[in-house]
Amino acid sequence: MENDDKPIYGKLSIYEYLNSLGIDYEVTEHRAVFNMEELAEIHFPYPGAVAKNLFVCDDKKRNYYLITVKGDKRVDLKAFRRTYGTRPLSLAKEEDLKTILGLMPGTVTPLGILNDKEHKTHFFLDEVFLTPPSIIGVHPTENTATIWLKTEDLLRIITEHRNPVKIVPF
């Protein structure tokens, strides 16, 4: 299903979109959280499935990457660069996050890729999310909820949106 006509910013729009695709999901509403430390204070039904997301770009701002790993993992951008042959990487600027993914800091989520009309974001997913029960918890574009869905459904959404996807070890 193509979604180039309008951006999906709010969590209710994300829920409507998932419903239109027949994707099963659960939602945990919570206070706004802006980092993994704050998120750790919340009780979740699937604590091992919480994702941490980094939106980064190369030093020429030509390539953008959304890296999604388990919440307790750290991402070494220098090692990532060596492994995947990228130029030097850093966190993308707030204006790029808003322009490309339609998101604000603290709300980064793979579901923001639905707003990437130019399909320029390369999605890298930690392969551990494919280990049973194969569930992933991400923000529905707002940091006041976490949505739980099958990892394969998330991958299908992003692939059908025509963004590059790589499943990798971290």
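Readers should treat all values here as calculations from the given coordinates under stated rules, not as data from a laboratory. Note that the structure is a prediction, hence the values are computed from the model and not measured. For neighbour counting, all protein chains shown are included, and Cβ atoms are generated from backbone atoms with ideal geometry for every residue, glycine included.
Within region 75-170, list the GluC sites (Glu not before Pro) lying in a DSSP loop whose Cβ has at most 12 other Cβ atoms in a 10 Å radius. Answer in residue order: E118. In this simple spin-label approximation, D59 and L91 carry label points 7 Å from Cα along the Cα→Cβ vector, and these lie 2.0 nm apart. When the Gaussian network model of the chain links Cα atoms closer than 10 Å, the mean-square fluctuations of P140, P45, P132 top out at P132.
Explain nothing, just the number: relative contact order of region 11-168, from Cα pairs under 8 Å at least 6 residues apart, as a whole percent.
Details: 269 pairs, mean separation 45.1, N = 158.
Dividing the mean separation by the residue count of region 11-168 yields 29 percent.
Using Cβ counts within 10 Å as a stand-in for footprinting exposure, how do H161, H119 rank, fewest first? Walk me through the numbers before you get to the answer.
Numbers: H161 20, H119 13.
By the 10 Å Cβ count, ascending, the order reads H119, H161.
The alpha-carbon of K78 sits under 26 angstrom from the alpha-carbons of these lysines, leaving out residues fewer than 8 places away in its chain: K52, K60, K61, K70, K93, K98, K120, K166.
With runs of 4+ DSSP H residues as the only contributors, calculate the mean residue ellipticity of the chain at 222 nm using -39,500 (n - 2.57) per run, divided by the residue total and rounded to the nearest 500. Could you put the intermediate results ahead of the total?
Values: 4 runs with 34 residues, N = 170.
Rounded to the nearest 500, it is -5500 deg cm²/dmol.
Using R0 = 45 Å, the C-beta based FRET efficiency linking R31 and R82 works out to 0.75. Expressed to the nearest 5 percent, the antiparallel share of DSSP beta bridges inside region 11-168 is 65 percent. Comparing L97, L111, L21 in a Gaussian network model of the chain where C-alpha atoms under 10 Å apart are linked, the largest mean-square fluctuation is found at L21.
Kindly put D96, D59 in sequence by how many other C-beta atoms sit within 10 Å of each C-beta, fewest to most. Intermediate values should be presented prior to the final figure.
Numbers: D96 15, D59 11.
Taking fewest neighbouring Cβ atoms as first place, the list is D59, D96.
Backbone N atoms of region 67-91 closer than 11 Å to the 7 Å Cα→Cβ label point of A40 belong to residues 72-73.
Altogether, the Stokes-Einstein calculation at 25 °C and 0.890 mPa s, with the Kirkwood radius of the chain over Cα pairs as Rh, returns a diffusion coefficient of 154 µm²/s.
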